[in-house]
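These notes concern the structure reproduced below.
The values are calculated or read from the model by the stated rules, or taken from the named source; none is laboratory data. Quick caveat, the model's predicted, so the values are computed rather than measured. Reconstructed Cβ throughout: ideal geometry from the backbone, glycine too, with neighbour counts over all protein chains shown.
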Amino acid sequence: MAPDLGTAAQTDKDNKEPPPAPLFEPGELSSWSFYRAGIAEFVATFLFLYITILTVMGVGKSEKCKSVGIQGIAWAFGRMIFALVYCTAGISDGHINPVVTFGLLLARKLSLTRALFYIIMQCLGAICGEIKSLIL
C-alpha cells in the first residue's frame with residue numbers, strides 16, 4: 001500500500017466549500033443588511049463611474065502637458081476600484097459590476113433575490129454616475 005502524500009486534495013482539514021445559496025430566500029427582504037448592501041453597491045458604482053468619467057473628460061478638455069494623461073486615467077481606474085472594493089467588501093462583498101454579480105449567481109454564491117437587487121442597484125448607480133458627470 002502506497003503512503004499518503006498528505007496533499008491538500010487528499011485531506012479535508014480546514015478548507016471546506018460552503019453550501020450553495022438558496023435560489024430564493026424571502027427572509028432577506030425583511031433584513032436591513034440586504035438593503036444596506038444594495039445601497040453600498042449603488043454608491044460604489046456611482047462613485048466609480050463619476051470619478052473615472054470626469055478623469056477621462058478632463059484629459060480630453062485640457063492641454064496635453066497639464067493633464068493627467070493616459071497613465072493618470074489608468075491610475076484613476078485602478079485606485080477607484082481598489083478603494084471601493086476595499087470599502088464595500090465587508091458590506092456587500094464589493095462586486096460593483098453586474099457581470100461579477102451574475103457570475104456569483106451562476107456559481108450559487110448568491111441567492112436570486114440578492115443578485116437581482118444588486119444588479120438593479122449597480123445599474124441605477126451607473127446611470128446616475130454617468131448623468132452626474134455629464135452635467136458638470
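I'd like to check something: does region 104-113 contain any residue that is modelled with pLDDT of 85 or more, outside any helix (DSSP H, G or I), under 15 Å from the mean Cα position of the chain (by Cα) and within 30 Å of residue 23 (Cα to Cα)? Yes.
The residue that is farthest from the chain's Cα centre (by Cα), counting only those in region 24-47 that are polar (S, T, N, Q) and in a helix (DSSP H, G or I), is 30. Among the residues of region 102-136, those that are under 12 Å from residue 38 (Cα atoms) and of a type in the set (S, T, N, Q) comprise 113, 122.
Flag set for residue 133, criterion: modelled with pLDDT under 90, part of a helix (DSSP H, G or I), surrounded by 14 or more Cβ atoms within 10 Å (Cβ to Cβ) and of a type in the set (Ser, Thr, Tyr). Pairing each residue of region 70-81 that is without any contact (Cβ under 8 Å) to a residue 60 or more places away in the chain with any residue that is of a type outside the set (S, T, N, Q), provided the two are 6+ apart or on different chains, yields C-beta distances under 6 Å for 73/56; 80/48; 80/51.
Criterion applied to 126, 76 was being surrounded by 18 or more Cβ atoms within 10 Å (Cβ to Cβ) and modelled with pLDDT under 90, and the one residue passing it is 76.
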